[in-house]
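As structure tokens, the structure follows; a few thoughts come after it.
The values are calculated or read from the model by the stated rules, or taken from the named source; none is laboratory data. Since the model is a prediction, treat every value here as computed from it, not as a measurement. Methodologically, a virtual Cβ is constructed for each residue, glycine included, from the backbone with ideal geometry; neighbour enumeration extends over all protein chains shown. For the accessible areas, the whole protein counts, side chains as well, though only heavy atoms, and no ligand, DNA or RNA atoms are used. Shrake-Rupley method; radii C 1.70, N 1.55, O 1.52, S 1.80 Å.
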Amino acid sequence: MEILVNCISKSNDFEDNIKRYIKMSSKYAKISQNNIFNDKISKAQSDGVKKARIAYDEAYQPYVSNFNVVLDENGKMLDSLEFAQMIKNCTKVSFFIGGAYGFSDEFKKKAQKLISLSRLTTSHGIAKLMLFEQIFRALCINAGHPYHK
């Protein structure tokens, strides 16, 4: 299984912890992350919501795969067992964490799943760390490893 976590972010908060989860997950799947931030996104964010979302869509387009999961505040909340089931039979999964202005409706339509990690609003770094932990937990659940207990 290949898992790619994409995030519109210029900072690498919690990077040591994220690397630890990537390393622990490596016996179950190939996991990588893609932090995207460029001048076009920076300028578009200054120009407003619509332009920012277009810039995010363009930046994310090359990473759309056969199973796409968008993290969205209005997405479905899953427990860890449901999250594990969601990725269980996938060969390639791309997760997307939105930029400051979220996702366009067009990009959301490319997702097979819209999920929410919490009803709380968190920073990109915290959301990404939570996602990596849940990915590791899901891989352990699917492998029958006792981490979830």
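Before moving on, here are some points about what is shown:
- Within the accessible area of the chain (1.4 Å probe), percent carbon and sulfur: 50
- Beta bridge orientation in the range 2-143: antiparallel %, DSSP, nearest 5: 5
- Sorted peptide list for 89-102, 106-119, criterion being average Cβ within 10 angstrom, highest first: 89-102, 106-119
- Alpha-carbon centroid distance for the pair the range 27-62 / the range 89-149, whole angstrom: 16
- Taking the Cα centre of the chain as reference, the dipole from Cβ charges on Lys and Arg (+1) and Asp and Glu (-1) amounts to some 280 debye.
- Percent RCO, i.e. relative contact order, over the chain, from Cα pairs under 8 Å lying at least 6 residues apart: 33
- The coefficient of translational diffusion for the chain, derived via Stokes-Einstein from the alpha carbon Kirkwood radius under 4 °C and 1.567 mPa s, stands at 83 µm²/s.
- For the range 60-138, dividing the convex hull volume of the Cα atoms by the residue count gives 91 Å³ per residue.
- Here is the P(r) of the range 9-53: all C-alpha pair distances, binned every 5 Å from 0, give 5, 19, 19, 15, 12, 11, 11, 6, 1 in whole percents.
- Leading residue at positive end of dipole, the chain (Cβ point charges), from P62, I22, L129: I22
- Over 25 Å between alpha carbons, listed pairs K10/K50; K10/K88; K40/K92; K50/K109: K10/K88; K40/K92
- Database remark: amide H of V5 closer than 5 angstrom to the amide H of S32, Q33, N34, F95 (H placed geometrically; neighbours at sequence offset of 5 or more, or on other chains; Pro and chain starts carry no H).
- The residues of the chain have, on average, 56 Å² of accessible surface per residue, using a 1.4 Å probe with all protein chains present.
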